[in-house]
Amino acid sequence: MSEMFPEPNSLDSLEGVSKQEIIQVRPQAEKEKDTSVAQDSLLARERDKEKIRKVRSSLNPNQNPSDSIVATTDAIRNEEALEKIDKPVVELTPEKWEKYKKLRLRGFETDAAAWGTSVRKEPEQGEAYWREKLGDPSIKMFGIEQNGEIVAMAGLQEKPVGRFLLRRVYTIPEMAGRGFSKTLITKVFDEAKMRGAKNIELDVIEDALPAIGLYKKMGFEEFDGKKGEKGDGQVHTQILMRKNFE
């Protein structure tokens, strides 16, 4: 049996055929392809809208409209560029204690106020101490490795009664701005949800504005505050934040 349209791209082949007949014989696979393309296009537009909403929420509301448009466009381009950076996440096991120690001490050196008071005694600690830290079953640490070194980390601590904490978030200064913390925190979220967490909490000193901004973008909200001594020996006001998964 010959096909009705042996030359689908020829105008002559459609002579004498009604529009309705053309529609009826249109291959089902082609219709499904068009539907899929339309759905992908819709999803892409929704993702773009979400990016714009996130960026605009972080911009100065008093900014000139034209400057705001430029800032929004630049921020979206930067976010898309960050998404393309290779960010391999590894679990920090006791075997990686030397790399973890190096990163932890670098954190103390560059941002002592971000850590607890115990960090001041850590430079003198040996292998057993660091292996124990990474072997603690209540804490799971993740890192990003670049050129054989751990350059960023974040961890999940599970407390009694199903309480989960985001801990030890740090990226070395020369690797800042590459989206490493966001990648690691997302990994911690996945681990927490896998363990049945309904929410996750953290504490951050009130003047760590870049960190607070990142946490808010990732869904954390302030719910309390406290004062306490930190790794720099000073008393700081700490903001307690929580993200709900449900």
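The values are calculated or read from the model by the stated rules, or taken from the named source; none is laboratory data. Note that the structure is a prediction, hence the values are computed from the model and not measured. No Cβ is skipped: glycine too gets one built from the backbone with ideal geometry, and neighbour counts run over all protein chains shown.
Evaluating D190 against the criteria (1) modelled with pLDDT under 95; (2) in a helix (DSSP H, G or I) leaves one unmet condition, (1). Exactly one residue out of E149, E145, E122, E191 is out of contact with any Phe, Trp or Tyr (no Cβ under 6 Å at 6 or more places or on another chain), over 20 Å from I239 (Cα atoms) and free of Cβ contacts under 8 Å to residues at least 40 places away in the same chain, and it is E122.
Rundown of residues vs (1) touching a Pro at 6+ places or on another chain (Cβ under 7 Å); (2) in a loop (DSSP other than H, G, I, E, B); (3) of a type in the set (V, I, T); (4) surrounded by fewer than 13 Cβ atoms within 10 Å (Cβ to Cβ), yes/no style:
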residue: K96; (1), (2), (3), (4): no, no, no, no
residue: F108; (1), (2), (3), (4): no, no, no, no
residue: V119; (1), (2), (3), (4): no, no, yes, no
residue: R131; (1), (2), (3), (4): yes, no, no, no
residue: M141; (1), (2), (3), (4): no, no, no, no
residue: V151; (1), (2), (3), (4): no, no, yes, no
residue: V169; (1), (2), (3), (4): no, no, yes, no
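Restricting attention to the range 172-187, which residues are closer than 21 Å to W130 by Cα and either buried (at least 23 other Cβ atoms within 10 Å of the Cβ) or touching a Leu at 6+ places or on another chain (Cβ under 6 Å) (or both)? Answer for the range 172-187, where residues must be closer than 21 Å to W130 by Cα and either buried (at least 23 other Cβ atoms within 10 Å of the Cβ) or touching a Leu at 6+ places or on another chain (Cβ under 6 Å) (or both): just L184.
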